[in-house]
Amino acid sequence: NALLHFEITPNTSQRFHIDPKALTVGTDGVVRYTLVAQSSAGATSTSYEGLRCQTFEKKLYAFGRPDGSWSRAKRDEWQPIFKNAANRQHVTLAQDYFCRDGQIAGKASAIIDRIRNRRPLSISGN
């Protein structure tokens with residue numbers, strides 16, 4: 001299971017990854033994905049999330065447990081993504097990989113290719 005790393009900013013203390021096998025583009029206009037965050041101390045957290053390009057919102061569905069099972073998120077309503085927030089991973093995913101002009105930027109395979117090849121929309125233009 002090769003996770004795909006994506007860069008937030010050079011001085012970010014956490015490293016973020018997407019599981020390419022779990023990324024889907026729904027007919028409801030939501031990109032769903034598994035996000036893995038690793039701290040500089042080695043702690044890992046896994047979450048299953050959704051991102052809606054049309055409204056620039058995110059939703060947390062579940063947290064991954066160490067045994068591989070999932071714990072449903074208690075707060076599972078849509079929340080706005082703030083561009084000045086401390087947790088910039090959602091801004092990066094939305095702006096650089098998932099969305100263009102309020103729409104999902106392509107199929108799941110195209111999004112995965114952008115992350116894998118580190119070709120954000122702002123650079124690649126596609």
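The values are calculated or read from the model by the stated rules, or taken from the named source; none is laboratory data. All values reported here derive from a predicted model rather than from experimental measurement. Don't worry about glycine lacking a Cβ; one is built from the backbone with ideal geometry, like all the others, and counts go over all protein chains shown. Protein only, heavy atoms only, side chains kept; ligands, DNA and RNA dropped before computing areas. Shrake-Rupley method; radii C 1.70, N 1.55, O 1.52, S 1.80 Å.
Worth pointing out:
- The residues 72, 65, 100, sorted by heavy-atom accessible surface at 1.4 Å with ligands and nucleic acids left out, run 72, 65, 100 from largest to smallest.
- Theoretical FRET efficiency, 1/(1+(r/R0)^6), r = Cβ-Cβ of residue 67 and residue 116, R0 30 Å, to 0.05: 0.60
- Per-residue accessible area (protein heavy atoms, 1.4 Å probe) orders 75, 32 as 75, 32, starting from the largest.
- The range 36-111, accessible area per residue, ligands and nucleic acids excluded (1.4 Å, Å²): 60
- Net charge, residue 27 excluded, C-beta distance under 15 Å - Lys, Arg +1, Asp, Glu -1: +2
- Remark: the residue 15-residue 78 segment gains 20.3 nm on full extension, using 0.36 nm per residue and subtracting the alpha carbon distance.
- Test item: Cα-centred dipole of the chain, Lys/Arg +1 and Asp/Glu -1 on Cβ, debye: 80
- Where only C-alpha atoms are counted, convex hull volume of the chain per residue in Å³: 116
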